[in-house]
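Peer 1: What follows is a structure written as structure tokens; I'll ask about it next.
The values are calculated or read from the model by the stated rules, or taken from the named source; none is laboratory data. In this text, all values refer to a predicted model and were calculated from it rather than measured experimentally. FYI the Cβ positions are ideal-geometry reconstructions off the backbone, even for glycines, and counts take in every protein chain you see. Keep in mind that these areas ignore ligands, DNA and RNA; they rest on the heavy atoms of the full protein, side chains included. Shrake-Rupley method; radii C 1.70, N 1.55, O 1.52, S 1.80 Å.
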Amino acid sequence: MSRSRFVDVTDEDDDAAAGGGYGGGGGGIMSQNSWATQATHDTSLTAAGRSVSIRQEISQQRQELLSRLHETGEMKTIKSTLRAQLVECGWREEMRNEIQNAIRQRGGIGKVTVDELVEELKPRSKSAVPENVKSNLMNSVTDFVRRERGEIGPDGVEIVLKPGMSEV
């Protein structure tokens, strides 16, 4: 059985110790239980209740991460960077052309709804995002999480405590 680590978010014990909020104290947004790990390990536990519980926990932790991204203003920065990268790599123009073609194929703008266009083009638009843009997005979120946990400083430099040292 393998475990993978991605983003660690507060579990119930750390949440209680931290007063239920973000940052501060020993808890905050991050802890030792990874939501990605929770979703991928213990495959031997197949009870429906456990599966639902994991999904609910992942959903809650995802919401907490999104809330923290918004609270700190990091979401705006990430969106702005992503938007610029998508324009730079030509993805935006490619999607504009796809939308225009879909509208023409349906007989014009009056014969198609935005929802229909989204449903039709969403899979193509996701798969058309270049891997380096996806990787940059993941790195931005991962760096944010690591900053929140105190693993790296605001400048992106890793903070390493030697054995016997404690945080100030």
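Peer 1: How much length is gained on full extension from K134 to S59, taking 0.36 nm per residue of separation minus their Cα-Cα distance?
Peer 2: 24.9 nm
Peer 1: Between S80 and L117, what length comes free when the chain is fully extended (0.36 nm per residue of separation minus the Cα-Cα distance, one decimal in nm)?
Peer 2: Extra length from S80 to L117 when fully extended: 10.9 nm.
Peer 1: Right, something else. Tell me, what is the FRET efficiency for Q100 and V141 to the nearest 0.05, using R0 = 41 angstrom and their Cβ-Cβ distance as r?
Peer 2: Given R0 = 41 Å and the Cβ-Cβ separation, E is 0.80.
Peer 1: Now for a different question. Ordering D155, D143 by how much accessible area each has at a 1.4 Å probe, largest first, what is the list?
Peer 2: The ordering from most to least exposed comes out as D155, D143.
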